[in-house]
Structures are given as structure tokens and as C-alpha cells.
Amino acid sequence: MKKIILISIIIIVLVIVGYTQCPKEGRNKKGNSLKTELQQLNLLKNRNTQPKSSEIDKKITLEKIMNSKDDPNAFKTSSGVIIEGYIFKAKDEGGESCNCYSNDPKDLDVHVYISNNKYIKSIAECTVIEVSKYSKQLHPEWCANYFNTHYKGHKVQVTGWMMYDFEHKNVSNETNPNSSKCHRKTVWEVHPITSVKIID
């Protein structure tokens, strides 16, 4: 009888843990499954590998990303990249579907805004390079304050993965150049980033 009770308890615990752990494809605010296209996007956001040298597309530059016209076929999301540009600023993000709307800081992304022009005035002139949960596992110090303290205004070299974040087309300068609400140059991102080093 004791064995049956113990096994039942173990099964219940495993079910609870399995349910509360956020899957890589994410969940909506109610904890339910997302539409297929959002699941696929979240799988890219939650990648947990660093690009190998054979996966780096050396033809991709920050300038090409910023002038992509938000064309979904401009680049491949399977491509790793190494780009160079100036950090404008960084901002901590909140809970979203890729992290199952967690409020734990280690699960939350950081938007870092980068441009090929040191003297830009707005995030609408920047590409987003994104710190993910995996990025924070590689670099626990990577929060917005850290980037703003150590990297802001510097030219850096960034390594990471290409990603097309279609959810932001309405606020992208490449899609809506006449909008006053743009908060990025393009929906193409480097997400997640795995390495950042100052080069100037």
C-alpha cells in the first residue's frame, strides 16, 4: 500500500513539474498551446546552442540587416552571424509567450539596440540584438543595466543567430516608414546573441 501511495505521489509531482516547466515552443497567458507559427518562432527564440564556424554566414552584415525591407527571405533563420555596430542602449523586457509569461528575471529577454551609425538618436534607427534565457546562462551578468554601463556608445562585435520576428512588423521602420510609433529599424534580429566584445 505504501509503495502505491509513494508511486502516486511521484507521478503527481512529475505531472506538476512537467506542466509548470515552460516548453521551448512557449504557451499563452492561460497556459495553453500557441498557434503553429508562434510555436516555431518561440523555438527560434529559445535556441540553446552557439553558432559553429560552419554555420556563420559571413556575407551578412549589420547594414544588410538594417536595409532588409523586412523581406522574410532576405536571410535564413538557420544562419549564425558575426556583425559589428554601435550599442545605442538596452532595455529589460517582461514576460512573453516564449517564456510562458514568467516574471523571473533569469527567464526574461533583454532588447539591445545596435546601429551602424554611432550618432543615431532613436531606437527606430536600430536593429534589435536580443539576450535570451540561454544568453544569460552563458553570461549571467547580461541585463540591461550591464549593457548600458559597459557597452553603450561602444563599437562591438556580436555573435548570434538570425531571426525574423514577424510579431513586430507594425512597429518596424522597414515595414511602416511613415509611422511615428516605430521602435526598431527592421523585424530581422540577431536572437539569441551568444557573444559580445568591444572593438572600439
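The values are calculated or read from the model by the stated rules, or taken from the named source; none is laboratory data. Worth saying up front: this structure is predicted, and the values here are computed from it rather than measured. Every residue, glycine as well, gets a Cβ built from its backbone with ideal geometry; the counts of neighbours run over all protein chains shown.
Looking at (1) under 16 Å from the mean Cα position of the chain (by Cα); (2) not in a helix (DSSP H, G or I), which is the one condition that is false for Glu84?
Failing condition for Glu84: (1).
When the residues of the range 160-186 are filtered to those that are hydrophobic (A, V, I, L, M, F, W, C) and more than 16 Å from Val81 (Cα to Cα), which remaining residue is surrounded by the fewest Cβ atoms within 10 Å (Cβ to Cβ)?
Among those that are hydrophobic (A, V, I, L, M, F, W, C) and more than 16 Å from Val81 (Cα to Cα), it is Phe166.
Could you tell me which of the residues Phe147, Phe166 is at pLDDT 95 or above and touching a Leu at 6+ places or on another chain (Cβ under 8 Å)?
After ruling out the rest, the residue left standing is Phe166.
State all residues of the range 176-200 that are touching an Asp or Glu at 6+ places or on another chain (Cβ under 6 Å), within 14 Å of Asp70 (Cβ to Cβ) and either among the polar types (S, T, N, Q) or part of a strand (DSSP E or B) (or both); if no residue qualifies, say none.
The answer is Thr186, Glu189.
Residues are listed down the side, and each one gets a yes or a no for (1) in a helix (DSSP H, G or I); (2) surrounded by fewer than 19 Cβ atoms within 10 Å (Cβ to Cβ); (3) in contact with a His (Cβ under 9 Å, 6 or more places away or on another chain):
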position	(1), (2), (3)
Gly94	no, yes, no
Asn103	no, yes, no
Val112	no, no, no
Asn117	no, yes, no
Ile120	no, yes, no
Val128	no, no, yes
Lys136	yes, no, no
Pro140	no, yes, no
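Would you mind telling me which numbered condition in (1) under 20 Å from Met162 (Cα atoms); (2) of a type outside the set (D, E, K, R); (3) out of contact with any Ser or Thr (no Cβ under 6 Å at 6 or more places or on another chain) Tyr86 fails?
It is condition (3) that Tyr86 fails.
Please specify each residue of the range 115-172 satisfying the condition of being over 16 Å from Asp200 (Cα atoms), in contact with a Gly (Cβ under 8 Å, 6 or more places away or on another chain) and among the basic types (Lys, Arg).
none
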